[in-house]
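Please treat every number below as a calculation from the coordinates, not as lab data. Values in this document were obtained by computation on a predicted structure and should not be read as measured data. All Cβ positions, even for glycine, are placed from backbone atoms using ideal geometry, and neighbour counts span all protein chains on display.
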Amino acid sequence: MDVDLIFKIAAIGIIVAVLNQLLIRSGREEQAMLTTLAGLIVVLSMIVGEISDLFRTVKSVFGL
Amino acid sequence: MSVVTIVGITVIAAFLAVLLRRYHPEYSMAIGVITGAVVLILLLSQLAPVLGRLQALLRSASLPEEYGIILFKALGISLLAQLSSDACRDAGENAMAEKAELAGKVFLLILALPLFEKVAELAVRLMNGGEAG
C-alpha cells in the first residue's frame, strides 16, 4: 500500500535531521549539507513516482 | 477502505509534517504533497464507479454525452490545480499557488468555451426566430 510512503518519508526526514545534528556537532558542516541533499533527492524521487501515478489515475478516471 | 482510513492517514501525516517542520521544512512539504497524492488516488479508485453511474444518469436524461464528459474533465482539472496550489501555499509560496490556480482557470475556460459558443449560437437563433415570427 502506498500509505507506507508517508511513513518512509517521515523516517528519512528524522534520520537526516539526527545525522545533520551529529555531523554539525562534530564540525563537518559540508557532510551535513550533503546528507541533507541526498535525503532530499531520495524523497523527491519517491514523490515523482507517486505523482505520475496520480496523474495517470486522474487522466484515466476523468478522461482528460 | 473507508472514511476512517482517510481521516487517519491525514491526521497522522499532519502530525508527522508538524514534527518535521522544525528541523527540515522541505520534508514537511514533501509529506504534504505525497499525502495529497495518496488520498486522491484512494478517493479516485472509489469515485470511478460513481462517475460511470452519473454518466448513465445523464444519458437517461437524454442530454448529449459531451456535456457530461466536459463536466468530468473540468472536475479533474480543478482537482489537479487545487492540489498543486495547496502544496505551494503550504510551502509559503503564495505567488506560485496563484499561478497554479490561474493555469487551472485558463484550461477550464479553454474547455468550456465551445459550450459557451453553443449557448450564444442558440441565443442568436432564438432572437432571429423571434424577429422573423
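What to note about this one:
- The condition of being of a type outside the set (Val, Ile, Thr), within 7 Å of chain B (Cβ to nearest Cβ) and either farther than 25 Å from B:Gln46 by Cβ or assigned to a helix (DSSP H, G or I) (or both) holds for A:Asp53.
- For the range A:1-20, a residue qualifies if it is more than 8 Å from chain B (Cβ to nearest Cβ) and part of a helix (DSSP H, G or I), and the qualifying residues are A:Asp4, A:Lys8, A:Ala11, A:Ile15, A:Val18, A:Leu19.
- The residue pairs whose first member lies in the range A:29-50 and is farther than 23 Å from B:Ile41 by Cβ and facing chain B (nearest Cβ under 7 Å), whose second member is outside any helix (DSSP H, G or I) and among the acidic types (Asp, Glu), and whose beta carbons are closer than 8 Å, counting only pairs six or more residues apart or on different chains, do not exist in this structure.
- Residue selected from the range A:9-28 under the condition among the aliphatic types (A, V, I, L, M) and touching a residue at least 12 places away in the same chain (Cβ under 8 Å), by the criterion nearest to B:Val18 (Cα to Cα): A:Ile9
- Restricting attention to the range B:1-57, the residues that are farther than 22 Å from A:Phe62 by Cβ, among the small types (Gly, Ala, Ser) and part of a helix (DSSP H, G or I) total 7.
- For the range B:1-32, a tally of residues being facing chain A (nearest Cβ under 10 Å), of a type in the set (A, V, I, L, M) and within 21 Å of A:Val42 (Cα to Cα) returns 8.
- For the range A:15-45, the candidate set comprises residues that are crowded, with 17+ Cβ neighbours inside 10 Å and of a type outside the set (S, T, N, Q); within that set, the residue that is farthest from the chain's Cα centre (by Cα) is A:Leu23.
- Pairs linking a residue in the range B:119-130 that is without any contact (Cβ under 8 Å) to a residue 24 or more places away in the chain and within 21 Å of B:Pro64 (Cβ to Cβ) to a residue that is loosely packed, with under 10 Cβ neighbours inside 10 Å and among the β-branched types (Val, Ile, Thr), with Cβ atoms under 8 Å and 6 or more positions apart or on different chains, do not occur.
- Verdict on B:Lys105 being within 14 Å of another protein chain (Cβ to nearest Cβ), surrounded by 11 or more Cβ atoms within 10 Å (Cβ to Cβ) and of a type outside the set (A, V, I, L, M): no
- In the range B:75-89 there is at least one residue that is assigned to a helix (DSSP H, G or I) and more than 15 Å from the chain's Cα centre (by Cα).
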